[in-house]
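The values are calculated or read from the model by the stated rules, or taken from the named source; none is laboratory data. It should be emphasised that the depicted structure is a prediction, and the values quoted were computed from it without experimental measurement. All Cβ positions, even for glycine, are placed from backbone atoms using ideal geometry, and neighbour counts span all protein chains on display. Ligands, DNA and RNA are excluded from the accessible area calculation, which covers all protein heavy atoms including side chains. Shrake-Rupley method; radii C 1.70, N 1.55, O 1.52, S 1.80 Å.
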Amino acid sequence: QNAPPAAAAPATTSTPAERLKVYREFRAQFDQGKFADALAPAEELVAMTEAATGPTDPLLATPLINLATAQYQLSDYASAEAGYLRAIRLIEQSSGGYSHPLLAALRGLGLTYLAAGQPQAAVAPLRRGVDIVRKIDGLFGEAQLEILDPLVRAYGQLDQDADAEREAIYSYRVSENHFGKDKVEVVPALDKLARWYSGAGRYTTARQYFGRALGILQKNVPATDARLIA
């Protein structure tokens, strides 16, 4: 009697330690701004993670975001878009539509659209990211700050000046709420808002915010403090 056929050997997968080693290689190149050199380990880590966990496991989202970010830095916007969108779908399936893990992918997707000259497309993911922060962390959640800046740029490129001004002011108010109205730590946010008004040709308002920032510094730092220069 013939013996039953042997079972197929299981696919060889990587260990967490092996994936960590590849991630560290990616991170070392990326942090030095060597994005072309970071691309290969980023691609390898996606392949290793997918082989180990499956194509729909939420653990795959972070390697996808890392790869998409390297592709964005290399101006490969089509590939970056695809990676961010896939990561968003994986996170939505595991954590729902309102969760902190979505923020990095939504911001990256918005930045990708902006860099590709598609500000209209950028608004939706950036707006969604801001809404997630306000829903989860409250209206003045600090995680929205790094999303508000590209959202302001997107509105500006679309000549939606009222929307851009609203979010630029909101960004300042988040910092004001965190640090306090007259604290030195709020000066960078005042300076950023003043520069936005200056760039929009609103010079009187810009002078008011620059003056307020200067006044805070003059009351709290020595006259030789380099922060006074800007």
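Quick notes
- The number of residues in the range 104-157 that are outside any helix (DSSP H, G or I), over 25 Å from residue 194 (Cα atoms) and aliphatic (A, V, I, L, M) comes to 1.
- Selection within the range 106-123 - out of contact with any Leu (no Cβ under 8 Å at 6 or more places or on another chain) and either of a type in the set (Ser, Thr, Tyr) or touching a residue at least 12 places away in the same chain (Cβ under 8 Å) (or both): 108, 111, 112, 113, 114, 115, 116
- Looking across the range 164-192 at every residue that is of a type in the set (Asp, Glu) and either outside any helix (DSSP H, G or I) or open to solvent by 40 Å² or more (accessible area, probe 1.4 Å) (or both), the one that is nearest to residue 112 (Cα to Cα) is identified as 165.
- Test: residue in the range 22-43 that is of a type in the set (A, V, I, L, M, F, W, C) and within 22 Å of residue 143 (Cβ to Cβ): yes
- For the range 12-32, filtered to residues that are farther than 16 Å from residue 46 by Cβ and either more than 22 Å from the chain's Cα centre (by Cα) or exposed (fewer than 10 other Cβ atoms within 10 Å of the Cβ) (or both), the residue that is modelled with the lowest pLDDT is 12.
- Test for residue 81: is it of a type in the set (Asp, Glu) and crowded, with 19+ Cβ neighbours inside 10 Å: yes
- Residues within the range 108-129 that are within 14 Å of residue 77 (Cα to Cα) and either crowded, with 18+ Cβ neighbours inside 10 Å or in contact with a Gly (Cβ under 6 Å, 6 or more places away or on another chain) (or both), tallied: 9
- The lone exception for residue 75 - which of (1) of a type outside the set (Phe, Trp, Tyr); (2) closer than 19 Å to residue 154 by Cα; (3) touching a helix residue (DSSP H, G or I) at 6+ places or on another chain (Cβ under 8 Å); (4) in a helix (DSSP H, G or I) it fails: (4)
- Residues within the range 202-230 that are within 17 Å of residue 167 (Cα to Cα) and assigned to a loop (DSSP other than H, G, I, E, B), tallied: 1
- Residue 94 being without any contact (Cβ under 8 Å) to a residue 40 or more places away in the chain, over 17 Å from residue 153 (Cβ atoms) and surrounded by fewer than 17 Cβ atoms within 10 Å (Cβ to Cβ): yes
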